Amino acid sequence: MTTPVAAAHRGGAEESAHDFDAFYAAKFDVLRGQIYAYLGDRAEAQDLVQEAFCRAYSKWKKICRYDDPYGFVRRVAWNLATSRLRRQRTSMNFLRRQREEHADGPSPDRVALVAALAKIPAQLRKAVVLHYLGHMSVVEIAAQEDVAEGTVKSWLSRGRAALAGHLQD
C-alpha cells in the first residue's frame with residue numbers, strides 16, 4: 001500500500017523530470033546554436049551542450065530552484081566550449097613546434113618479410129617476431145607464453161621453415 005508521503009514524493013520526482021524535459025526541449029537548440037557559432041563545429045557544439053544539460057540533470061532538484069536555471073546550463077556549456085578551444089590551441093601550438101621528420105619507406109626485404117610472416121600460423125609468427133625482432137630469448141618467450149622452452153624451440157624451428165618456403169617465392 002502506498003502512503004500519501006510516498007505518492008507525493010513519486011509525483012514530485014515525475015514532475016521534476018517533466019520540468020527538466022520541457023526545459024531541455026525549450027533551450028537546447030538555442031544554446032547549441034550559440035556554441036556552434038562560437039566553435040564552428042556543429043557536432044562538437046552538440047556534444048558540449050549535451051554535456052552541460054547532463055550536468056544540470058544530475059543536480060536538477062537544486063538547479064530548478066535557481067532564479068535562472070538556463071543561466072547555469074549556458075555558463076557550463078560556454079566554459080566547456082572555451083576549455084575545448086584552449087585545448088585545441090595548445091595542441092596546435094605543440095604541433096607547430098614539432099620538426100617534421102621524413103622517414104624512408106620500408107625496404108623491399110622488409111615488405112617481403114612482413115608478407116611472409118602474414119602467411120605462417122599466428123603462434124609460429126609470434127615466436128619468430130619475439131625472438132628475432134623483439135630480441136627475446138627462448139627462456140623469456142617461454143615464460144611470457146607460459147609454455148616449456150622446448151615448445152618455443154619447436155615453434156621457432158617450424159616458423160623458420162615456414163618462412164623459408166614463403167621467402168623463396
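The values are calculated or read from the model by the stated rules, or taken from the named source; none is laboratory data. Only a predicted model underlies this, so the values are computations on that prediction, with no experimental measurement involved. In this analysis, Cβ positions are derived from the backbone assuming ideal geometry, glycine residues included, and neighbour counts consider all displayed protein chains.
For Ala52, only one of the following conditions fails: (1) touching a Ser or Thr at 6+ places or on another chain (Cβ under 9 Å); (2) in the same structural domain as Tyr24 (by TED's automatic domain parsing). What is its number?
Evaluating Ala52 over (1) touching a Ser or Thr at 6+ places or on another chain (Cβ under 9 Å); (2) in the same structural domain as Tyr24 (by TED's automatic domain parsing) leaves (1) as the failure.
Could you check Lys119 against (1) touching a residue at least 40 places away in the same chain (Cβ under 8 Å); (2) under 16 Å from Lys153 (Cα atoms) and say which number it fails?
(2)
What residue, among those in region 23-45 that are of a type in the set (Asp, Glu) and in a helix (DSSP H, G or I), is surrounded by the most Cβ atoms within 10 Å (Cβ to Cβ)?
Filtering region 23-45 for residues that are of a type in the set (Asp, Glu) and in a helix (DSSP H, G or I), the one surrounded by the most Cβ atoms within 10 Å (Cβ to Cβ) comes out as Glu44.
Let me spell it out: the conditions are (1) closer than 30 Å to Leu39 by Cβ; (2) in a helix (DSSP H, G or I); (3) at pLDDT below 90, and Thr90 meets all of them except one. Which number is the exception?
(3)
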